[in-house]
Every structure is written in C-alpha cells, then in structure tokens.
1. All but one of (1) touching a strand residue (DSSP E or B) at 6+ places or on another chain (Cβ under 6 Å); (2) more than 16 Å from HIS7 (Cβ to Cβ) hold for LYS71; which doesn't?
2. Mind checking which residues of segment 29-42 are hydrophobic (A, V, I, L, M, F, W, C) and either surrounded by 16 or more Cβ atoms within 10 Å (Cβ to Cβ) or on the phi > 0 side of the Ramachandran plot (or both)?
3. Taking segment 89-102, which residues are farther than 26 Å from THR42 by Cα and open to solvent by 30 Å² or more (accessible area, probe 1.4 Å)?
4. Looking at (1) under 16 Å from the mean Cα position of the chain (by Cα); (2) within 17 Å of ALA19 (Cβ to Cβ); (3) of a type in the set (Gly, Ala, Ser), which is the one condition that is false for GLY67?
5. Given the residues GLY76, GLY67, GLY105, GLY110, which is the only one that is without any contact (Cβ under 8 Å) to a residue 12 or more places away in the chain and either within 13 Å of ligand 2 (Cβ to nearest atom) or open to solvent by less than 50 Å² (accessible area, probe 1.4 Å) (or both)?
6. So, in segment 120-134, how many residues would count as being part of a helix (DSSP H, G or I) and loosely packed, with under 14 Cβ neighbours inside 10 Å?
7. So in segment 47-64, with the set limited to residues that are farther than 28 Å from GLY3 by Cβ and within 11 Å of ligand 1 (Cβ to nearest atom), which one is least open to solvent (accessible area, probe 1.4 Å)?
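The values are calculated or read from the model by the stated rules, or taken from the named source; none is laboratory data. These numbers come from a predicted model, not from an experiment. Heads up, the Cβs are rebuilt from the backbone with ideal geometry, glycines too, and the neighbour counts pull from every protein chain shown. Ligands, DNA and RNA are excluded from the accessible area calculation, which covers all protein heavy atoms including side chains. Shrake-Rupley method; radii C 1.70, N 1.55, O 1.52, S 1.80 Å.
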Amino acid sequence: MIGRLNHVAIAVPDLDAAAAQYENTLGADVGPAQDEPDHGVTVVFITLPNTKIELLYPLGEDSPINGFLAKNPAGGIHHMCYEVDDIIAARDTLRAEGARVLGTGEPKIGAHGKPVLFLHPKDFNGCLIELEEV
Ligand SMILES: C[C@@H](C(=O)O)C(=O)SCCNC(=O)CCNC(=O)[C@H](O)C(C)(C)COP(=O)(O)OP(=O)(O)OC[C@H]1O[C@@H](n2cnc3c(N)ncnc32)[C@H](O)[C@@H]1OP(=O)(O)O
Ligand SMILES: [Co+2]
C-alpha cells in the first residue's frame, strides 16, 4: 500500500537557524518558509536527491506540535510521510486493521497541495505517520 518516502519531518525550536544550518553547514537545497494555517505549522522543505526533509515550527496557539516541542525542547524527528495512490482506500484499510486515523478522518490538503492524513504514533512503533496521496 505505501510507496515512496515523501519526507521526514523534524520539529525545530528555531526555524531560521535550522534552515540556515541545512543550507550553509550541510549544503542542502533549502526552500522558503511557508505558513500552513490549516495545519498549525510553518514549514521549510529541503530537497535531497532521494527524498525531502520538512522542518516544522508551530504556527498559532493550538499547533499540534506544541506538546512535542515541550517534551523535546531541542527538537526531534516528528513524523515520516509515505506516499499512497488512494488515500481513502488506505484510510479504510488501516481503520479496518485497527489503526487510529487522527483528526476528523477526512484528508486535509497538505503542504504540497495533495490530500494528507495522520496515523497515531502509538499504533506504529512510536512513529507518527503521515500519508500523502500522490
Ligand atoms: C503540513 C503537513 C505536510 O507535511 O503536508 C504536515 O506535516 S503538518 C504536521 C503537524 N501536524 C500533525 O502532526 C497532525 C497530527 N498530529 C496530531 O494529531 C498530534 O500531534 C498527536 C500525534 C495526536 C499528538 O498530540 P499531542 O502531543 O497533543 O498528544 P499527547 O501529548 O497526548 O501525546 C500522546 C502520546 O504520543 C506521543 N507523541 C506525540 N507526538 C508524537 C510524535 N510526533 N511522534 C511520536 N510520539 C508522539 C506523546 O509523547 C505521548 O506519548 P506518552 O503518553 O508516552 O508520553
Ligand atoms: Co509532513
């Protein structure tokens, strides 16, 4: 069901510093910061030859990453995003297997303009999973 690794997301306490570090110290292809108000985050995408890194910073008071950053003040890996062909079919299969789909269960439009859903980290070895329909 899952296909390519679309991105690995890292929650960071200082978005400008993290973006500059990836650009200047690691020599990566770093994009501009973009606000994602529907998701409560500001993101910076870093394009690697085989996948992307998503730097995440909270946007607004109800950001879903506030708790994670409170527990991990230095930052940390927040989620993995896997590509799927059909996100509704994937959701229904996963639910039937007992996995918890977060939020309303209806896909939202993600940072790439494509539908996304999240799966509870406690159901997947402590790793929050994002699914993106490509
Ligand atoms: C723009 C878009 C895109 O790429 O297109 C994005 O990525 S938006 C990316 C941001 N959006 C999202 O993450 C949306 C989905 N996320 C959520 O709904 C939430 O963040 C939850 C995953 C439900 C966690 O919420 P919250 O931290 O408030 O809950 P909580 O404190 O009760 O946490 C429940 C347990 O899960 C753990 N926990 C929390 N966040 C975690 C994470 N990212 N990875 C692994 N474990 C995690 C907590 O430590 C806790 O474990 P213990 O009980 O053992 O201490
Ligand atoms: Co993401």
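1. (1)
2. Our first condition is that a residue be hydrophobic (A, V, I, L, M, F, W, C); within segment 29-42, this holds for 30, 33, 41.
Once the filter is applied, which keeps residues that are hydrophobic (A, V, I, L, M, F, W, C) and either surrounded by 16 or more Cβ atoms within 10 Å (Cβ to Cβ) or on the phi > 0 side of the Ramachandran plot (or both), segment 29-42 yields VAL30, VAL41.
3. Hits for segment 89-102 are ALA89, ASP92, THR93, ARG95, ALA96, GLU97, GLY98.
4. (2)
5. On the way: GLY76 fails: without any contact (Cβ under 8 Å) to a residue 12 or more places away in the chain; GLY105 fails: without any contact (Cβ under 8 Å) to a residue 12 or more places away in the chain; GLY110 fails: without any contact (Cβ under 8 Å) to a residue 12 or more places away in the chain.
Result of the check over GLY76, GLY67, GLY105, GLY110: GLY67.
6. The initial filter retains those residues of segment 120-134 that are part of a helix (DSSP H, G or I), namely 121-123.
Filter once more, so that each one left must be loosely packed, with under 14 Cβ neighbours inside 10 Å: 122.
So the count comes out to 1.
7. Taking segment 47-64 first, the residues farther than 28 Å from GLY3 by Cβ are 58-63.
Checking the rest, the ones that are also within 11 Å of ligand 1 (Cβ to nearest atom) come to 58-59, 62-63.
Numbers: PRO58: 29, LEU59: 54, ASP62: 145, SER63: 9 Å².
Top of the filtered list is SER63.
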